[in-house]
Amino acid sequence: MDQHRAVVVGAGIGGLTVAVALHQAGWNVTVLERAAALTPVGAGIGLAPNSQRALDVIGLGDRVRELSAWQGDGGMRAPDGRWLARTSAKAAAERFGGPLVLLHRVTLVEILTSALPEGVVRTGAAASLVDPGDDGRPAVVRTADGDAGEEIEAELVVGADGIHSTLRRALFPGHPGPAYSGFTTWRVVVPAPDRPFAPHETWGAGRLWGTQPLKDGRIYAYAMAAAPEGAHAPDDERAELLRLFGDWHHPVPGILAAVDPAGVLRNDVHHMIDPLPAFHRGRVALLGDAAHAMQPTLGQGGNQAIEDAIVLAHHVARGTPPSRALTAYTADRLPRTTAIVRKAARTGRLTLLTAPPAVALRNALIAAVSRFGPGLVLRGFDGIADWRPPLADERARVS
């Protein structure tokens, strides 16, 4: 087995981030991706200051910050257009040490892959775990490239293979896995409307809509609604969005008018409300949705995957035995991500209340709190967006 060899299963945001971090630490890294090409699933992703600081560790944070498009005010609205709460980019940056950056997932994948040597990422390579290994023997994965297959030994295997992770099921076959949250989501990217608007998230009764600008001038819009698991529109998903949101405030109708039905992504939301007992076994570590799938209500799914990647690389690059390194990784990440999964679930329940009295009370409380300024609205992200990576914490203690 080559010294310091790592195999990453899954070329999503978390998998690519850990590949870059391990490569920079001197590891021989191979990323195995089941899909035939690196075509990210999804439209936009919001990177908060916590994940930007994590990307600083691998020298990519400033490239993300350059893509910041939100410079002014925004906030939460009701379907009729009333502002329930106002926030500002300046207040968020002052509180958490940086801006929220919204970018297309394709752009983020390009930034990450640009930091990897050619040939590190192998597409069309489904992988399965043969042996998790231990301190005395390597882990082994088997991959299939077309009709060919091979077994690869590695000091470290990273399961970054998403919400339906095969590696998670291999490590923890008795765990129930992610559960359906009761909500489904839609995502689109469209040209900007003619009339200007402030970035916003609008909360209705059992429905949510968000409209956010991208740096390239396009608009990322997302929606969420209570729905039976596996449901689909009887005609097309754009028609479903029109039924649910077509009479909401500007710019929602204009966004929907610009939507190509073929460009609407719809996905049910599953979350790991029952946490795993650990994020590792043997020489195998899990990260991102494979370890702690969460609702998108806090916008932290991708952010937490990036945090995972940097913390994992931090521990394994120290040269300690795998059992100690991965135990430290679990100890760092499991409590934090479990708390965020649960907070996202509570936020989801609040966001998508359906009973009119409960919706009216929720909106009144949000409006009352917002009168004290954007700081109180942003306080819900304390302990999340202000996170710093381990290396930053160590530098702060030394200085």
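The values are calculated or read from the model by the stated rules, or taken from the named source; none is laboratory data. Keep in mind that what you see is a predicted model, and the values were worked out from it rather than measured. With ideal geometry, Cβ positions are generated from the backbone for all residues, glycine too; neighbour counts draw on all protein chains shown. Quick note on the areas: whole protein, heavy atoms, side chains included, nothing else; ligands and nucleic acids left out. Shrake-Rupley method; radii C 1.70, N 1.55, O 1.52, S 1.80 Å.
From the P(r) of the range 293-356, could you give the percentage of C-alpha pairs in the tail past 13 Å?
Value for the range 293-356 (Cα pairs over 13 Å): 65 percent.
Under the 0.36 nm per residue contour assumption, what length would be gained going from the current alpha-carbon distance of T347 and H175 to full extension?
59.5 nm
Only Lys, Arg, Asp and Glu count, each charged at its Cβ (+1, +1, -1, -1), so figure out the dipole size of the range 99-181 about its Cα centre, rounded to 20 debye.
With Lys and Arg at +1 and Asp and Glu at -1, about 460 debye.
Under 4 °C and 1.567 mPa s, how fast does the range 217-309 diffuse according to Stokes-Einstein, given a Kirkwood radius computed over C-alpha pairs? Answer in µm²/s, whole number.
My calculation gives 81 µm²/s for D.
Among S114, L129, Q52, which residue has its Cα positioned farthest towards the positive end of the charge dipole of the range 36-150, with +1 placed on the Cβ of Lys and Arg, -1 on the Cβ of Asp and Glu, and the dipole taken about the Cα centre?
Checked the options; the winner is Q52.
Under a plain spin-label model, where a point goes 7 Å from the Cα along Cα-to-Cβ, how far apart in nm are H164 and W83?
4.3
Which length gain, in nm to one decimal place, applies between E94 and A339 when the Cα-Cα distance is subtracted from 0.36 nm times their residue separation?
Between E94 and A339, full extension yields an extra 85.8 nm.
From the phi angles alone, apply the Karplus equation (6.51, -1.76, 1.60; θ = phi - 60°) to the range 260-273 and give each ³J(HN,Hα) in whole Hz, x where the residue is Gly or Pro.
Values, residue by residue: 8, x, 6, x, 8, 9, 10, 9, 5, 9, 10, 9, 8, 5 Hz.
Relative contact order for the chain using alpha-carbon pairs under 8 Å, separation at least 6, rounded to a whole percent?
22
Would you work out the charge dipole size for the chain about its Cα centre, treating the Cβ of every Lys and Arg as +1 and the Cβ of every Asp and Glu as -1, and quote it to the nearest 20 debye?
I would put it at about 1440 debye.
Please compute the length gained on full extension between R195 and K215, using 0.36 nm multiplied by the number of residues separating them and subtracting their Cα-Cα distance.
Using 0.36 nm per residue and subtracting the Cα-Cα distance, I get 5.5 nm.
Can you list the residues, at least 5 places off or on another chain, whose amide H is less than 5 Å from the amide H of L102, using H built in the peptide plane?
L47, A69, W70
Can you tell me the dipole magnitude for the range 260-324 around its Cα centre, using point charges on the Cβ only (Lys, Arg +1; Asp, Glu -1), in Debye to the nearest 20? Walk me through the numbers on the way to the answer.
Numbers: 5 positive and 6 negative charges, 92 e Å.
Roughly 440 debye, rounded to the nearest 20.
Can you give me the accessible area per residue for the chain, using a 1.4 Å probe, in Å²?
Per-residue accessible area for the chain comes out at 42 Å².
With unit charges on the beta carbons (Lys and Arg positive, Asp and Glu negative) and the dipole taken about the Cα centre of the range 293-357, which residue among V316, Q300, T354 sits farthest to the positive side?
Positive-end residue among those listed: T354.
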